[in-house]
Amino acid sequence: MSPSQVNPRMSQEAVPDTPEERRSYLAEGHSLRSWLLTTDHKRIAILFMVAITFFFFCGGVAAALIRLDLLTPAPDLMSNDGYNRAFSLHGIIMVWFFLIPSIPTTFGNFLLPLMIGAKDLAFPRLNLASWYIFVLGGLFTLITVVAGGVDTGWTFYTPFSSTYSNGAVFLAITAVFISGFSSILTGINFIVTVHKLRCPGMTWGRLPLFVWSIYTTAIIFVLATPVLTITLVLVALERVFGLGIFDPALGGDPILFQHLFWFYSHPAVYIMVLPAMGVVSELITNAAHKQIFGYWFVAGSAIAIGVIGFMVWGHHMFVSGQSPYASAIFSFLSIVVAVPSAIKVYNWTATLHKGEIVIDGPLLYALGFIGLFTIGGLTGVMLAMIAADVHLTDTYFVVAHFHFIMVGGSVSAYFGALHFWWPKITGRLYNDMWARLAALLIFFGFVMTFAPQFVMGYEGMPRRYHVYPQVFQPLMVMSSVGSSVLAVAYVLPFFYLFWSLRYGKPAGPNPWGATGLEWTTPSPPPKDNFETVPVVDKEAYCYPEQGRAGEPQTQQAESVDA
Amino acid sequence: MTLPVFFIPVEASAHAGQVDLLIWTLALLVALLAAPVFVLSAIYLLRFRYGRRADRSKAQRGSVWLEVSWSVIPFLLVMGFYVWSTKLFFEQQSPPDDAMTINVVAKQWMWKFQHPSGTREINELHVPLGKPIRLTMTSQDVIHSLYLPALRIKQDVLPGRYTQEWFVADKTGVFPLRCAEFCGTDHSVMGGRLIVQTPADFARWQAQAGADRSLAASGRELFDRLGCAGCHGSNAQGSESPIRAPPLVGLYGRPVPLSDGTFAKADDQYIHDSIMLPNKQIAAGYEPRMPPFGNVLDEEQVAQLEAYIRSLGGKEDK
Amino acid sequence: MPDARAVQPQFPTLERQNDADHFGMLLFLSTEVLIFGGVFAVAFTLRAEHADYAQASKQMHYWIGGINTGVLLTSSALVALMVEAVRAGRAKLAGWLLGGTIALGLVFLALKFTEYALEYRDGVVPILSDANLHGGVERLFMDLYFVATGLHALHVTVGLCLLGSLLWPFGRARRERTAVFAGNAALYWHLVDIVWVFLYPTLYLAR
Amino acid sequence: MKNVRPILYAWFALLTLLALTIGASFAPLGPVLPFVSYAIAIAKTVLIIWLFMEMKTRDGLQRIALGVGFAWLFILLLLSFADILTRGWLGA
């Protein structure tokens, strides 16, 4: 590699390119059986990664079809029903089969035990079961597609979904219902692990912030998903047997469905974004080579978001026919939940102050997250204002807002995590120049795709429109062109990352000079993670005061001989 | 064709102007709160990047004062907006008493409007300039949402329930009318036009469009045709035989004692439910004998019956 | 069935492992609370919206429901005693208590299905036999009744399977691990009981 | 077997409460009945959780693990009823 491609953040010690003395988790067996029956959290993380990557591309294909069709105001590529099915599948797949499991089940699974010094999650077999349940749910999604798709949108609003829709609603609901159990089991597993399996010395105040985030996410998994589960059961019963629960023709209440649905689905947004925040905390501190600014505020704000996030769901329903008084309460609570998010963003900015910042791929992804999340979050504050929301809700403004948070934010962080922990997962280094290029492409492609949608929404363009007024065409075309840039940028990492598997330099245990316990293990880590139980005597992000000139250290106690 | 970026879309009411003011001030707030993040990050990236000599001593690890100030100050700023926007919202939720009521029925995939004069139109809504208009809306099938972008208002239209929105248009012209809640195959073409006319033009249009009879008269005809008179009396004054049924004269707007000891106000929703789902609330002293008309009547006919009952007098005689 | 020696490698001590199992079970029960919570949210909402919603509960066989409540409460007490017995190492007594619990669970299910049959005969089952259902609101009530009790019966069945799985390895009841498993199965059974405690006034006594 | 007695007492109390709740449903309580019924149901639940489920002797963490489900259910009911009970206050 030429010097420009060498990442200065990486330690430049020569790593011998010889087989590890101890076998890594990857070398524990190569048969399909050794993967499909594994209880090793690291292998299960890889299994999840394969599954969600598949669904990411499925959802991406649907998105590509949508954007292609919207190049012209007329319905030319797809029929109206075809378009409705495309955006419904895009939503269902991206929300439940990519975004919600994305960071928790992959990096959460891989890193949680490593970061707290444990040998595995508390319930390894449950963890594997969680993957099989997820795959079963995914299978039902694919069956839904084969059966003609579903046209309800990802929100399954009644009575459309329960009575009027002509799509395969029952199959789609079954798919989401099943995948919910995967979330619940993963959530229980993570919570118990964090409480019961921290290594000696790993106090709550020394937990890496990624662990705090995953812990809060797990709480949301456990407390929100059951409500979705029962709601979907009720809709399915109404659809299949014609029971009256939400159906107004029988005296049921369709708004009640929206309450129950958003009681899950609003916290679900935090399921998507909290782990991303945890990743960014790790990436920023390591790039700046500096202790996080305000550790307890960043950790505490994760918990605050997790708890208050359950009390704001009604802001999706300001025009639904909900009581105006309830709307006023939800509007207020929505403003309250914005405060901890703001705390996080400002703390990350302050962390950069007086750091020794290496601008490389992972950092660019993290900065991309911060920028896009800031815009997404603050437009969310605009939408929390009821009078503004009455005009903006159900328009492209909302579409742009949540894509900024969920795609611009969470997916950027997912890729950031992939680049940062890739050496740990695979033992190989990738070419950072390509990583920087991909990060920039994702950022600009994203902004080009979704910034025009804010304007369209403000001008009154409703979402989920197949045929749209002529005046919006220029902005629609801009958005579609941006999305093709985005598509290229998302595919790009797969090439250079796979290339690194074969040709990349061996990584060594701690290529970034990071402080977490996961970096004290060889890369890739052995099956049992740690040879002896690690002991911790330092706080998280104990980067040396002298910046990169200082001796790198980790949280592990020096006195313990490994 | 010029890109329609950064322009304020047409405002056809005073409320629209206020919402625009709110949105643009909020946009300013967004810029104000985001600016420190973008500007400071850029500065720090340049000043403290790896390999550049800079004063890195005494790096702070946290500061309670900073934390408190950057959480409390934005919060208080936003609270100001909260009061502003919520006040605006409540005004938009409270129609004045002299508003002209137009009944709206949504069904897959069209909008039907019935004026008090009896004029009906589909996918087009004619309204006079400067007069408060109240739309009383319901749906025949799924949830729709009546969105009038030029007025900056939107309200979901629910089956089995009345929702409302109101406005005073202050600009003549033709404005878009859209469905904003996904409602099935042709959701994206379930639109129409809002046509705001001067009162004179509106009167001319109404005369031309014609209405054989007023809403209440249609309701009266329906009342006779459905045999409501058999129980409620030929002039809806109530009857003792063969089946006792409550009188409807003077009912509208009054509190009605119910069989469970509570009271319900005889508003449009109550009358609607009493026709469509009569067992929902039973007037005290009467047997629940009324058959449900949910499968017999459509929402337009219910609106006509309501107009008839309103015309029989009551507290809010309009 | 894992036994006393089986400390899984990720746990430092058996005690920690038992603690984790217990903690995980309680979290799982929290999710069950919220699953049934959705059903109760529906019941409360419809009751608040329809003045005569509760009228429909007059036609329920409240005495079968009452006996069933007593049956479940008693079985819950038995299973709590069973856990005590296992801990005290009195395997034989525990076996009898467990048998009693399972028998009462089966009685509950038998009564429940008898009740369904009676309702079928009475003509108050929506769709299948709705001759005597008056109007939409009664229908609405019965729909929810069948959803709620059906879901509960499903949980009773799962609970019985859990308790039943204790029967066979009961010769080893004195071992710590089994006491943990028995304790967790008992927790599940108690939760099923709590759900019924709320279903009973919601569906049967809401006159 | 030192906890046998509290369990038996609790069982007895539960059956008494059951009789009470059936009795109350026949009393002319009118709109107060649901409050009485659910107060009794809550009392029963507390007995089951405290004595049968041994929360009396458990540490704070385990109490939280079970209590959090009920607490979140309360949030769900409280805020959705903030809507359901105040609908239609601003005219129809």
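The values are calculated or read from the model by the stated rules, or taken from the named source; none is laboratory data. This one's a predicted model, so the numbers in the text were calculated from it and none came from an experiment. All Cβ positions, even for glycine, are placed from backbone atoms using ideal geometry, and neighbour counts span all protein chains on display.
When only residues in region B:165-197 that are surrounded by 22 or more Cβ atoms within 10 Å (Cβ to Cβ) and within 19 Å of B:PHE89 (Cα to Cα) count, which is farthest from the other protein chains (Cβ to nearest Cβ)?
B:ALA169
Take the conditions within 7 Å of chain D (Cβ to nearest Cβ), touching a residue at least 12 places away in the same chain (Cβ under 8 Å) and surrounded by fewer than 20 Cβ atoms within 10 Å (Cβ to Cβ) and apply them to C:GLY70. Does it pass?
no
Conditions tested, residue by residue: (1) at pLDDT below 80; (2) surrounded by fewer than 20 Cβ atoms within 10 Å (Cβ to Cβ); (3) within 19 Å of B:SER139 (Cα to Cα); (4) touching an Asp or Glu at 6+ places or on another chain (Cβ under 7 Å).
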{"position": "B:GLY210", "(1), (2), (3), (4)": "yes, yes, no, no"}
{"position": "B:SER218", "(1), (2), (3), (4)": "no, no, no, no"}
{"position": "B:ARG225", "(1), (2), (3), (4)": "no, yes, no, no"}
{"position": "B:HIS232", "(1), (2), (3), (4)": "no, no, no, no"}
{"position": "B:ALA236", "(1), (2), (3), (4)": "yes, no, no, no"}
{"position": "B:GLY250", "(1), (2), (3), (4)": "yes, yes, no, no"}
{"position": "B:GLU287", "(1), (2), (3), (4)": "yes, yes, no, no"}
{"position": "B:GLU299", "(1), (2), (3), (4)": "no, no, yes, no"}
{"position": "B:ILE309", "(1), (2), (3), (4)": "no, no, no, no"}
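Condition (residue is small (Gly, Ala, Ser), in contact (Cβ under 8 Å) with a residue 40 or more places away in the chain and within 14 Å of chain D (Cβ to nearest Cβ)) applied to region A:363-375: is it met by at least one residue? Give the steps one after another, and end with the answer.
If we filter region A:363-375 for residues that are small (Gly, Ala, Ser), which is where we start, we get A:366, A:368, A:371.
Retained after the next criterion (residues that are in contact (Cβ under 8 Å) with a residue 40 or more places away in the chain): A:366, A:368, A:371.
Narrowing further to those that are within 14 Å of chain D (Cβ to nearest Cβ): none.
Within region A:363-375, none of the residues are small (Gly, Ala, Ser), in contact (Cβ under 8 Å) with a residue 40 or more places away in the chain and within 14 Å of chain D (Cβ to nearest Cβ).
Inspect region A:437-455 for any residue being more than 23 Å from A:PHE369 (Cα to Cα) and either more than 14 Å from chain B (Cβ to nearest Cβ) or touching a Leu at 6+ places or on another chain (Cβ under 6 Å) (or both) and give the result as yes or no. Outline the logic, then answer.
Narrowing region A:437-455 to residues more than 23 Å from A:PHE369 (Cα to Cα): none.
Looking for residues that are more than 23 Å from A:PHE369 (Cα to Cα) and either more than 14 Å from chain B (Cβ to nearest Cβ) or touching a Leu at 6+ places or on another chain (Cβ under 6 Å) (or both), one finds none in region A:437-455, hence no.
Restricting to strands (runs of 3 or more DSSP E) lying wholly in region B:157-273: which have 2 or more residues that are farther than 27 Å from C:HIS50 by Cβ?
B:163-167, B:173-179, B:192-197
Here is a yes/no grid of residues against (1) over 10 Å from the mean Cα position of the chain (by Cα); (2) away from chain B (no Cβ under 14 Å):
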residue	(1), (2)
A:PRO248	yes, no
A:GLY251	yes, no
A:TYR264	yes, yes
A:TYR270	no, yes
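Quick check on region A:208-243: of everything there that is surrounded by 24 or more Cβ atoms within 10 Å (Cβ to Cβ) and part of a loop (DSSP other than H, G, I, E, B), which residue is modelled with the highest pLDDT?
Across region A:208-243, the extreme among qualifying residues is A:PRO208.
One residue is enough: does region A:346-360 have a residue meeting the conditions free of Cβ contacts under 8 Å to residues at least 12 places away in the same chain and more than 14 Å from chain D (Cβ to nearest Cβ)?
Within region A:346-360 (the criterion being free of Cβ contacts under 8 Å to residues at least 12 places away in the same chain and more than 14 Å from chain D (Cβ to nearest Cβ)), the answer is yes, since at least one residue qualifies.
Name the pairs: first residue in region C:128-149 and within 14 Å of chain B (Cβ to nearest Cβ) and within 25 Å of B:GLU287 (Cβ to Cβ), second residue crowded, with 20+ Cβ neighbours inside 10 Å and hydroxyl-bearing (Ser, Thr, Tyr), Cβ to Cβ under 9 Å, at least 6 apart or on different chains?
What qualifies is C:VAL137/C:TYR53; C:GLU138/C:TYR53; C:LEU140/C:TYR53; C:PHE141/C:TYR53; C:PHE141/C:SER57.
Answer yes if at least one residue in region A:51-70 is over 26 Å from the mean Cα position of the chain (by Cα) and either surrounded by 16 or more Cβ atoms within 10 Å (Cβ to Cβ) or within 26 Å of A:LEU111 (Cβ to Cβ) (or both), and no otherwise.
Yes; the residues of region A:51-70 include at least one that is over 26 Å from the mean Cα position of the chain (by Cα) and either surrounded by 16 or more Cβ atoms within 10 Å (Cβ to Cβ) or within 26 Å of A:LEU111 (Cβ to Cβ) (or both).
Just to verify a result, which residue in region B:274-289, among those that are outside any loop (DSSP other than H, G, I, E, B) and not hydroxyl-bearing (Ser, Thr, Tyr), is farthest from the other protein chains (Cβ to nearest Cβ)?
The selected residue is B:ILE275.
Any residue at all in region A:477-494 that's within 27 Å of B:ILE23 (Cα to Cα) and within 12 Å of chain B (Cβ to nearest Cβ)?
Looking for residues that are within 27 Å of B:ILE23 (Cα to Cα) and within 12 Å of chain B (Cβ to nearest Cβ), one finds at least one in region A:477-494, hence yes.
Whether any residue in region A:485-496 is touching a Leu at 6+ places or on another chain (Cβ under 8 Å), among the aromatic types (Phe, Trp, Tyr) and under 27 Å from A:VAL358 (Cα atoms) is what I want to check.
So far as region A:485-496 goes, no, none of its residues is touching a Leu at 6+ places or on another chain (Cβ under 8 Å), among the aromatic types (Phe, Trp, Tyr) and under 27 Å from A:VAL358 (Cα atoms).
Just checking, how many residues over region B:127-142 are surrounded by fewer than 19 Cβ atoms within 10 Å (Cβ to Cβ) and either in contact (Cβ under 8 Å) with a residue 60 or more places away in the chain or outside the structural domain of B:ASP156 (by TED's automatic domain parsing) (or both)?
Selection size over region B:127-142: 4.
Among the numbered criteria (1) assigned to a helix (DSSP H, G or I); (2) facing another protein chain (nearest Cβ under 10 Å), which single criterion is violated by A:VAL279?
Going through (1) assigned to a helix (DSSP H, G or I); (2) facing another protein chain (nearest Cβ under 10 Å) one by one, A:VAL279 breaks only (2).
Need the failing condition index for A:VAL467 against (1) facing another protein chain (nearest Cβ under 9 Å); (2) out of contact with any Pro (no Cβ under 6 Å at 6 or more places or on another chain), just the number.
(2)
Okay, residues lined up against (1) within 14 Å of chain C (Cβ to nearest Cβ); (2) over 22 Å from C:HIS22 (Cβ atoms); (3) in contact with a Phe, Trp or Tyr (Cβ under 9 Å, 6 or more places away or on another chain):
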{"position": "A:GLY180", "(1), (2), (3)": "yes, yes, yes"}
{"position": "A:PHE190", "(1), (2), (3)": "yes, no, yes"}
{"position": "A:THR193", "(1), (2), (3)": "yes, no, yes"}
{"position": "A:TRP204", "(1), (2), (3)": "no, no, yes"}
{"position": "A:THR216", "(1), (2), (3)": "no, yes, yes"}
{"position": "A:PHE221", "(1), (2), (3)": "yes, no, yes"}
{"position": "A:LEU232", "(1), (2), (3)": "yes, yes, yes"}
{"position": "A:VAL235", "(1), (2), (3)": "yes, yes, yes"}
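Report, by residue number, each residue of region D:63-79 that is more than 15 Å from the chain's Cα centre (by Cα) and more than 7 Å from every other protein chain (Cβ to nearest Cβ).
Those that are more than 15 Å from the chain's Cα centre (by Cα) and more than 7 Å from every other protein chain (Cβ to nearest Cβ): D:ARG63, D:ILE64, D:LEU78.
Do the conditions hold for C:LEU27, that is, is it within 7 Å of another protein chain (Cβ to nearest Cβ), within 20 Å of the chain's Cα centre (by Cα), surrounded by 20 or more Cβ atoms within 10 Å (Cβ to Cβ) and over 28 Å from A:ALA249 (Cα atoms)?
The answer is yes for C:LEU27.
State the number of residues belonging to region D:43-62 that are more than 8 Å from chain C (Cβ to nearest Cβ) and of a type in the set (Ser, Thr, Tyr).
So the count comes out to 1.
Can you find a residue that is within 14 Å of chain C (Cβ to nearest Cβ) and not in a helix (DSSP H, G or I) anywhere in region A:123-142?
yes
Could you please let me know if C:ALA206 is among the aliphatic types (A, V, I, L, M) and away from every other protein chain (no Cβ under 12 Å)?
No.
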